[in-house]
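Inspection log for the structure reproduced underneath, given as structure tokens.
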Amino acid sequence: MKHGDLVELEPGEQLLTIARASFRGAAAVSVRATFALGSGRMRLRAFDVWHDAAIASGFPLVPPDMIVAATDQRVLFGKPTFWGRTPSHYSGAVDLGQLAQIVAVRHGIVTGVAFAFTDGGIVEIEALRGRQLRRLVLVVDDLLARK
């Protein structure tokens, strides 16, 4: 799959759960940016730094605020829809075979999730009030345990 290609569910692929998330550090930079001029630029600069490291670790192209969907075969990443519906296509995917482990950790109201890749890379995302994201981690962790 090339960067820029849209990803859709394969025939027979089942969508198991979906969650909203942001890049790791989004909550902290948003709080700092609230009191600074150019807050949008500050957030985008933080995202660019995170995204460059994430791409280098094997993560797909994702927007700063994303939808994360777990299927029985992979984890999909896409842009939230305007009305909050499940996206019909995604911007990137990680096959379950690429993941060694997935872990969720709560830090107050922020839930952080680390994707550990089989080649050694680690990428983190987060969500405020991350119940849906923690559920996604449980689903993916269960799928990985079955392999």
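The values are calculated or read from the model by the stated rules, or taken from the named source; none is laboratory data. In this text, all values refer to a predicted model and were calculated from it rather than measured experimentally. All Cβ positions, even for glycine, are placed from backbone atoms using ideal geometry, and neighbour counts span all protein chains on display. Heavy atoms of the whole protein, side chains included, go into the accessibility calculation; ligands, DNA and RNA do not. Shrake-Rupley method; radii C 1.70, N 1.55, O 1.52, S 1.80 Å.
Taking the stated definitions as given, is L133 at pLDDT 95 or above, out of contact with any Gly (no Cβ under 8 Å at 6 or more places or on another chain) and under 18 Å from S22 (Cβ atoms)?
So L133 passes the test.
Those residues that are open to solvent by less than 60 Å² (accessible area, probe 1.4 Å) and in a loop (DSSP other than H, G, I, E, B), I need them from segment 121-139; list them, please.
Within segment 121-139, G121, G130 qualify.
Does A116 qualify as being touching a residue at least 12 places away in the same chain (Cβ under 8 Å), assigned to a strand (DSSP E or B), under 28 Å from G12 (Cβ atoms) and open to solvent by 10 Å² or more (accessible area, probe 1.4 Å)?
So A116 passes the test.
Which condition does V75 not pass, out of (1) under 17 Å from I122 (Cα atoms); (2) under 12 Å from the mean Cα position of the chain (by Cα); (3) modelled with pLDDT under 95, if it passes all the others?
Every condition holds for V75 apart from (3).
Give all pairs with beta carbons closer than 6 Å in which a residue from segment 10-25 that is without any contact (Cβ under 8 Å) to a residue 40 or more places away in the chain and closer than 15 Å to R85 by Cα meets a residue that is open to solvent by less than 50 Å² (accessible area, probe 1.4 Å) and in a loop (DSSP other than H, G, I, E, B); count only pairs at least 6 apart in sequence or on separate chains.
No pair meets every condition.
Take segment 71-109 and flag every residue that is assigned to a strand (DSSP E or B), open to solvent by 50 Å² or more (accessible area, probe 1.4 Å) and among the hydrophobic types (A, V, I, L, M, F, W, C).
A100, V103, V105
Kindly check whether there is at least one residue in segment 44-55 that is on the phi < 0 side of the Ramachandran plot, part of a strand (DSSP E or B), modelled with pLDDT of 90 or more and touching a Gly at 6+ places or on another chain (Cβ under 9 Å).
no
Within segment 86-94, is there a residue that is of a type in the set (F, W, Y) and either touching a Gly at 6+ places or on another chain (Cβ under 6 Å) or modelled with pLDDT under 95 (or both)?
Yes: segment 86-94 contains one or more residues that are of a type in the set (F, W, Y) and either touching a Gly at 6+ places or on another chain (Cβ under 6 Å) or modelled with pLDDT under 95 (or both).
Answer yes or no: is there a residue in segment 53-64 that is more than 23 Å from E10 (Cβ to Cβ) and open to solvent by less than 20 Å² (accessible area, probe 1.4 Å).
Among the residues of segment 53-64, at least one is more than 23 Å from E10 (Cβ to Cβ) and open to solvent by less than 20 Å² (accessible area, probe 1.4 Å), which makes the answer yes.
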